[in-house]
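A quick write-up on the structure given underneath.
Every read-out reported here was derived from the displayed coordinates using simple, explicitly stated rules and does not represent laboratory data. Everything numeric here is computed off the predicted structure, so don't read it as measured data. Here the Cβ positions follow ideal geometry from the backbone for every residue, glycine too, while neighbour counts run over all protein chains shown.
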């Protein structure tokens, strides 16, 4: 095995086939972790930032990969982090599910020690995934100080083949609410679900524009944070959607009423998982709860498919998504001090700031991660 460090988006694209092959063999289903979409994220959101991707390979076959990009905290201190922001996430630890993680990840760690940053703040990482837990254990074994904490939970729906049984599992309030909304909309002219899952890249733009116009009629337009009102953001999502369409991993979903879109979902479907990065509805039709009705119809449609997908809501668990879920998982942050003096001082400062923020918000202060012999499973549960 050997370690290679990629230093820019162009080098990443040169290894795209091997990177995507590793993605296919990993437990990561997010298509945004594939090489082309990771490179798109870097070029759009961090064109001048320092980028490094640690790659462990054997005989030309990638066994593990981890992308890191530099970012500044309060415009002062630069740290390394996963390529991700509130608009879109792209960074993930990719690990061949058949590889020996205990052998591969220490070699990946040797690449982390070569990074130009003293501190890594790895946000939005999926807690308790085998790769992340093993990497945390390798960091501790190497004497690196780490600190981990939760960020939020994400809801999921495991594959449903019997929609009636799934519907019966909802709370009584949710069943009644959905039934009332469906009947009201039917009395007022009905609605149609339209799912575009086999688009060619050159067919994406008009439909994506129509979808984000639905978002632009809501509260985000008033705040100036909708995709269409944020400079350059539609171009990013268009390029992302066109690439997803080329891979047959794009789903554009509309709920229309009398020929007018009243709800829209921008979805990804990969490796038998459906992701919901964005959903929006027209507030003029809020009496029908259109985004919830869109999901009702879509999940009903999924249940009729030969292989129903798992649904991952991606964002923080909310009242709107909690009504549907059958399970959940936790994402969190792991902070790693890569330098014994400066890095540990920065990590100590991170702990103090987090504790102060929690006191202000009235939450309990998270306990620090303790070194071995605490079991690896507890490393990321603090």
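Could you check which residue among 86, 150, 162 shows the biggest mean-square fluctuation in a GNM of the chain with a 10 Å Cα cutoff?
So, out of 86, 150, 162, the one fluctuating most is 86.
Quick one: work out the % antiparallel among DSSP beta bridges in the chain, nearest 5.
Looking only at bridges with both residues in the chain, the antiparallel portion is about 90 percent.
Which ordering of 90, 171 is given by a fewest-first count of other beta-carbon atoms within 10 Å?
Exposure proxy ranking, most exposed first: 171, 90.
Using only the alpha-carbon atoms, how far is helix 342-361 inclined from the longest principal axis of the chain? Give it as 0 to 90 degrees, nearest 10.
40 degrees
Express in nm, to one decimal, how much length is gained between residue 86 and residue 13 on full extension, taking 0.36 nm for each residue of separation and deducting their alpha carbon distance.
Residue separation times 0.36 nm, minus the Cα-Cα distance, leaves 23.9 nm.
Return the FRET efficiency for the residue pair residue 103, residue 188: r is the Cβ-Cβ distance, R0 is 51 Å, and the value is rounded to the nearest 0.05.
With a Förster radius of 51 Å, E is 0.25.
Please give the calculated 222 nm ellipticity per residue for the chain, where each DSSP H segment of at least 4 residues contributes -39500 (n - 2.57) and the sum is spread over every residue; nearest 500 deg cm²/dmol?
When only DSSP H runs of four or more count, the value is -11000 deg cm²/dmol.
Using alpha carbons only, how many degrees (0 to 90, rounded to 10) separate the axis of helix 233-246 from the longest principal axis of the chain?
Tilt relative to the chain: about 90 degrees.
Name the most mobile residue of 91, 155, 179, meaning the one with the largest mean-square fluctuation, in a Gaussian network model of the chain with Cα contacts below 10 Å.
179
Give the span of the chain's Cα atoms along each principal axis, as three whole-Å numbers ordered largest to smallest.
68, 47, 41
Considering only C-alpha atoms, what is the centroid distance from the stretch 165-231 to the stretch 23-83, in Å?
Result: 31 Å between the Cα centres.
For the chain, find the longest principal axis of its Cα atoms and tell me its angle to the long axis of helix 16-25, 0 to 90°, nearest 10.
80 degrees
Neighbour counts of other C-beta atoms within 10 Å: give me 196, 296 arranged from fewest to most.
196, 296
Most mobile of 141, 291, 32 per a Gaussian network model of the chain (Cα springs, under 10 Å)?
Among 141, 291, 32, the largest GNM mean-square fluctuation belongs to 141.
Between residue 319 and residue 175, what is the label-point separation in nm under the 7 Å Cα-to-beta-carbon projection?
Roughly 2.2 nm, to one decimal.
For the stretch 159-325, count the residues as N, evaluate 2.2 N^0.38 Å, and divide the Cα radius of gyration by that value, please.
1.02
Let a ≥ b ≥ c be the square roots of the eigenvalues of the Cα gyration tensor of the stretch 127-257; is it rounded (a/c under 1.5), or, if not, prolate (a/b larger than b/c) or oblate?
oblate
Only counting other Cβ atoms within 10 Å, I'd like 336, 325, 5 sorted with the fewest neighbours first.
Sorted ascending by nearby Cβ count, the order is 5, 325, 336.
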